[in-house]
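Student: Got a structure here, written out as structure tokens. Questions coming.
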């Protein structure tokens, strides 16, 4: 079974294409026009072991908000398509990731119900030219279109770059765990309801 998807999403603010292979090796080709976002998407691909391509053109002359949010939306749409009916999928995933003084925990459930609980006490508002508020916009867009419940907690951290990087690394690893196929559950939807 090939678990791949390609989504193109065009609006008056952004034009975005995302291609993903859930059973890849971490290969990535990223060009969003927002260097720090590319760095975070790289964490998702490498630590999730997903092959990921993202091409985005957005209204960066205004700011990065629409590009970051719409990239999250399009990635969510692509992953929702790639997992299909979710038969045989683990469904749940979690990960703790440290980076020096920072530590983050991410827990995900492919529940079919969008929900985001994100608790990060940022130590500064900007990481270079990247507004840390956009992290929430990315993940909100993602959960709403992937149909997942996502809990993100930065448990400690002093360096905002480290805080953010541990979140994205943990997200990639939790996503990998949740989307992994369980041979014992082949053909079974992981829910007592029989659907997700």
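The values are calculated or read from the model by the stated rules, or taken from the named source; none is laboratory data. These numbers were taken from a predicted model, which means no experiment stands behind them. Quick reminder, even Gly has a Cβ in these numbers, built from the backbone with ideal geometry, and neighbours come from all protein chains shown.
Student: Kindly indicate whether any position in the range 33-46 is in a loop (DSSP other than H, G, I, E, B), surrounded by fewer than 19 Cβ atoms within 10 Å (Cβ to Cβ) and at pLDDT 95 or above.
Tutor: Yes, the conditions are met somewhere in the range 33-46.
Student: Just the residues that are within 17 Å of the chain's Cα centre (by Cα), surrounded by fewer than 22 Cβ atoms within 10 Å (Cβ to Cβ) and assigned to a helix (DSSP H, G or I), please, taken from the range 144-160.
Tutor: 144, 145 - these are the residues of the range 144-160 that are within 17 Å of the chain's Cα centre (by Cα), surrounded by fewer than 22 Cβ atoms within 10 Å (Cβ to Cβ) and assigned to a helix (DSSP H, G or I).
Student: Another question, if that's okay. Of the residues 69, 6, only one is crowded, with 16+ Cβ neighbours inside 10 Å, in contact with a strand residue (DSSP E or B) (Cβ under 9 Å, 6 or more places away or on another chain) and closer than 25 Å to residue 109 by Cα; which?
Tutor: Working: 6 fails: crowded, with 16+ Cβ neighbours inside 10 Å.
Of 69, 6, the one residue that is crowded, with 16+ Cβ neighbours inside 10 Å, in contact with a strand residue (DSSP E or B) (Cβ under 9 Å, 6 or more places away or on another chain) and closer than 25 Å to residue 109 by Cα is 69.
Student: Which one of the conditions (1) within 15 Å of the chain's Cα centre (by Cα); (2) part of a helix (DSSP H, G or I) does residue 30 fail to meet, given that it meets all the rest?
Tutor: For residue 30, the exception is condition (2).
Student: So which residues in the range 2-25 are closer than 20 Å to residue 146 by Cα and not in a strand (DSSP E or B)? Step through it out loud before you land on a result.
Tutor: Within the range 2-25, the subset closer than 20 Å to residue 146 by Cα is 2-11, 14-24.
2, 3, 11, 22, 23, 24, listed by residue number.
Student: Here is a check on your reading of the model: is residue 52 at pLDDT 95 or above, within 15 Å of the chain's Cα centre (by Cα), assigned to a strand (DSSP E or B) and crowded, with 22+ Cβ neighbours inside 10 Å?
Tutor: Values: at pLDDT 95 or above: yes; within 15 Å of the chain's Cα centre (by Cα): yes; assigned to a strand (DSSP E or B): yes; crowded, with 22+ Cβ neighbours inside 10 Å: yes.
When the stated conditions are applied, residue 52 passes them.
Student: Can you name the residue in the range 162-194 that is part of a loop (DSSP other than H, G, I, E, B) and in contact (Cβ under 8 Å) with a residue 60 or more places away in the chain and, of all such residues, is surrounded by the fewest Cβ atoms within 10 Å (Cβ to Cβ)?
Tutor: Step one: list which residues in the range 162-194 are part of a loop (DSSP other than H, G, I, E, B), which gives 180, 182, 186-194.
Now narrow it down to the ones that are in contact (Cβ under 8 Å) with a residue 60 or more places away in the chain: 180, 182, 186-191.
On the way: 180: 15, 182: 12, 186: 10, 187: 7, 188: 13, 189: 16, 190: 17, 191: 13.
The qualifying residue surrounded by the fewest Cβ atoms within 10 Å (Cβ to Cβ) is 187.
Student: Quickly run through the range 55-85 and pick out the residues that are closer than 26 Å to residue 190 by Cβ and in a helix (DSSP H, G or I). Show your work before the answer.
Tutor: As a first pass, look at the range 55-85 and keep what is closer than 26 Å to residue 190 by Cβ: 72-85.
Matches in the range 55-85: 72, 73, 74, 75, 76, 77, 78, 79, 80, 81, 82, 83.
Student: Test residue 100 against the criterion of being surrounded by fewer than 19 Cβ atoms within 10 Å (Cβ to Cβ) and over 30 Å from residue 23 (Cα atoms), and give yes or no. Steps first, answer last, please.
Tutor: Values: surrounded by fewer than 19 Cβ atoms within 10 Å (Cβ to Cβ): yes; over 30 Å from residue 23 (Cα atoms): no.
No; evaluated as a whole, the condition is false for this residue.
Student: Something else: Would you confirm whether or not the range 79-93 contains a residue that is at negative phi, crowded, with 17+ Cβ neighbours inside 10 Å and within 12 Å of the chain's Cα centre (by Cα)?
Tutor: Within the range 79-93, one or more residues are at negative phi, crowded, with 17+ Cβ neighbours inside 10 Å and within 12 Å of the chain's Cα centre (by Cα).
Student: So how many residues does the range 103-129 have that are part of a strand (DSSP E or B) and surrounded by 21 or more Cβ atoms within 10 Å (Cβ to Cβ)? Quick ask: steps written out before the conclusion?
Tutor: Just the residues of the range 103-129 that are part of a strand (DSSP E or B), to begin with: 103-109, 115-119, 126-127.
Narrowing further to those that are surrounded by 21 or more Cβ atoms within 10 Å (Cβ to Cβ): 104, 106, 108, 127.
Here the count works out to 4.
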